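The values are calculated or read from the model by the stated rules, or taken from the named source; none is laboratory data. Values in this document were obtained by computation on a predicted structure and should not be read as measured data. Positions of Cβ are generated from backbone atoms using ideal geometry, with glycine treated the same way; all protein chains shown enter the neighbour counts. Accessible surface is based on the protein model in full, side chains and every heavy atom, while ligands, DNA and RNA are left aside. Shrake-Rupley method; radii C 1.70, N 1.55, O 1.52, S 1.80 Å.
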Amino acid sequence: MIRPNLHAALSHLRDTKTNIGLWVDALCIKQDDIVEKTAQVSKMNEIYGRATRVCIWLGTGDEEIDPETNKKPIKISKSFDFMREMLNLRRLDQLIVSEKHVDQWLDFVQLMRNRWFSRRWVIQEIALARAGTVHYGGDTIQWRDFKDAVALFVTKHDQIKLLCSRSRHHTDPDPVGDMRALGANTLVEATSNLFRRSDTGEILERLLGLETLVSTFLPFEASDPRDTIYAVLSIASDTRARPAPAIDSTTAERVLATPTHNIIPNYGKSLADLFTEFIESCVNNSKSLDIICRNWAPVPKPGEPVMPSWISLISSSAFGEPEAALQGRSNGDSFVGNPSRRHQKQYNASHARDPGSPVAGSSSVKAPIYNGIMSVRGIVLDTIEQLSPRAAQGMIFQEALQMGGIPHNEPAIKSVPDTLWRTLVADRGPGGTNAPSWYSRACLECLAHVTQNGDLNTSTLIETPSSSTTMVSFLRRVQQVIWNRKFLKSLGGPQRIENKYFGLAPTTAKEGDLICILFGCSVPVVLREIGNGTNHHYEFIGESYVHGVMDGEVVLNLNPQHPYNGDKYTTFEIR
């Protein structure tokens with residue numbers, strides 16, 4: 001059955017005088033035939049890579065009702081004219097300072113939130129395209145112009161955000177929001193960095209591996225959860241062996257003789273088997289357990305099996321599930337960072353120790369491989385004794401400040417303990433750089449503005465016009481780290497360096513949970529011990545920041561060697 005949106009697209013794209021050959025996945029793939037779908041999906045990269053042009057259909061161009069407010073009309077079709085204005089760089093400088101253009105900027109932001117940009121398959125479709133056009137009703141813009149307009153918006157994001165937030169005609173204090181939550185921006189940024197291309201547009205080299213692609217493209221959703229992986233297989237650098245280029249070829253793609261991930265599309269495979277195969281492949285390829293800290297897996301729908309705790313769900317990622325991303329930040333950024341920076345990790349808690357082969361089974365066998373257990377070796381650092389309320393919406397309650405060494409109702413704070421201010425920023429600046437020393441001064445200034453109850457409201461301080469730009473810069477970094485997390489203080493265990501550890505735990509952590517270092521994981525994790533006897537196992541709660549252990553201090557003292565025999569180390573069977 002042809003749905004109304006597809007019917008409108010076909011009616012618009014047709015030519016009454018010339019035959020036009022179109023390939024539409026909704027028509028050309030029998031979606032409910034597993035065998036045909038598996039075969040066709042394996043060819044998608046060839047279809048889009050050889051297409052003369054990829055057409056992006058955003059809708060009819062009629063005024064639509066904003067799905068969030070159910071009231072405000074969206075005039076997205078006019079945004080194409082505005083985008084053409086933006087491409088005139090001299091004109092762009094004028095557009096970002098005049099309040100009369102606020103509505104046009106907000107319409108452009110609404111365009112970037114179009115649902116098309118949240119479909120997972122579009123990543124491959126537009127990335128492989130030799131040329132593309134974006135269509136909205138009767139208006140068309142070249143993809144390269146659309147892409148440049150989005151990129152220019154990103155470079156001017158702070159100025160545009162300030163312009164719109166201070167407009168007297170809009171009550172929303174942050175109508176633009178975080179650009180990372182805008183699907184069009186993520187798509188443009190991602191597709192611009194997938195390949196090295198020749199001057200003629202031929203793909204010379206794929207740049208990003210499968211773990212990076214699956215972990216990065218979080219705003220993109222798929223109707224079939226298997227497509228979380230399958231939709232990016234053909235654009236990954238490490239998933240398939242391709243014919244080696246001829247010796248005299250200057251444009252043929254450089255390839256791997258043997259792929260490091262051997263996953264192939266198979267819609268008959270169970271979701272549990274596929275996700276286990278993916279995790280196993282990531283661990284074996286990277287020699288790291290960091291994948292279990294990355295929140296990439298779609299939330300199971302009613303009737304679907306519940307995944308084990310070591311398959312982390314996207315709902316715990318910085319912006320949550322794709323449909324929730326438009327509402328802004330949901331959680332703090334991941335501590336393990338981007339997998340593409342494998343040789344420059346943010347932290348090194350396990351001091352690059354080999355994780356071994358923690359996932360049971362083998363992806364090379366045809367029988368089901370999933371048994372729900374990940375068996376790893378590591379160290380129990382300590383037990384969580386105290387947890388603060390979670391930092392909802394970036395609110396740091398006085399209980400957390402007190403745990404970090406700031407007495408309640410202190411009349412004049414003269415200095416901030418290193419443990420506190422470094423924990424607030426996870427001892428790093430933006431992008432994983434070392435935390436600037438001036439952060440301590442900015443933190444001290446922030447503490448002069450706590451509420452009457454002793455709480456630190458980071459959002460209010462950021463939005464206060466009189467706040468210094470230095471303090472705001474510090475607070476934005478703090479929000480990236482602490483948002484929706486809990487502050488922890490430990491009981492005081494055998495591996496401690498100080499009397500008690502201080503740090504950050506996932507929002508679902510409980511007092512009595514264990515703080516552990518797993519060999520192969522770059523950050524400490526929180527585990528929950530469950531049951532006894534044959535049912536004894538651990539539940540993975542999430543990654544954590546623990547001050548004083550993030551760079552391998554504990555592991556260096558113990559100097560463990562694979563396979564980590566001895567009673568100093570623990571085997572954790574995680575389910």
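Quick one: divide the alpha-carbon radius of gyration of the stretch 282-352 by 2.2 N^0.38 Å and tell me what you get.
Numbers: Rg = 13.8 Å, N = 71, 2.2 N^0.38 = 11.1 Å.
Against the compact-globule rule of thumb, the ratio is 1.24.
Histogrammed with a bin width of 10 Å, the alpha carbon distances of the stretch 459-575 distribute as 11, 35, 31, 14, 7, 2, 0 percent, first bin at zero. Subtracting the Cα-Cα distance of D273 and S198 from their residue separation scaled by 0.36 nm leaves 23.2 nm.
Can you pull the semi-axes for the stretch 302-460, root of five times each eigenvalue of the Cα gyration tensor, sorted largest first, whole Å?
Gyration-tensor ellipsoid for the stretch 302-460: 37, 20, 16 Å.
In this calculation the C-beta distance from K30 to L89 is compared with R0 = 56 Å, giving a FRET efficiency of 0.70. The mean of 1/r over all distinct Cα pairs in the stretch 379-489, once inverted, gives the Kirkwood hydrodynamic radius of 14.2 Å.
Label-to-label distance, A392 versus A131, with points set 7 angstrom from Cα along the beta-carbon direction: 5.4 nm. I need the calculated FRET efficiency for the pair W116 and D567, taking r as the beta carbon distance and R₀ as 56 Å, to the nearest 0.05. Between W116 and D567 the formula returns 0.50.
What do you get for Rg/Rh of the stretch 175-216 when both radii come from the Cα atoms and Rh is the Kirkwood radius? Rg divided by Rh gives 1.09.
With the convex hull drawn over the C-alpha atoms of the chain, the volume per residue is 190 Å³. Ordered by solvent-accessible area of protein heavy atoms (1.4 Å probe), largest first, the residues E323, E205 come out as E323, E205.
Per residue of the chain, the DSSP helices (runs of n ≥ 4 H) give a summed -39500 (n - 2.57) that works out to -8000 deg cm²/dmol at 222 nm. Between L558 and H157, the distance separating the two model label sites (each 7 Å from Cα on the Cα→Cβ line) works out to 3.9 nm. Shown are H562, H351, H547, whose ranking by accessible area with a 1.4 Å probe and every protein chain present, most to least, is H562, H351, H547.
Would you work out if the stretch 78-222 is rounded, prolate or oblate? Take a ≥ b ≥ c from the square roots of the eigenvalues of the alpha-carbon gyration tensor; rounded if a/c is under 1.5, else prolate when a/b is larger than b/c, oblate otherwise. Note, shape of the stretch 78-222 comes out prolate.
With the full set of protein chains in place, find how many percent of the accessible area of the chain is carbon and sulfur; take the probe as 1.4 Å.
49
For L447, the accessible surface of its heavy atoms amounts to roughly 10 Å² (probe 1.4 Å, protein chains only, rounded to the nearest 10). Taking all protein chains into account, the per residue accessible area for the chain stands at 48 Å² (1.4 Å probe).
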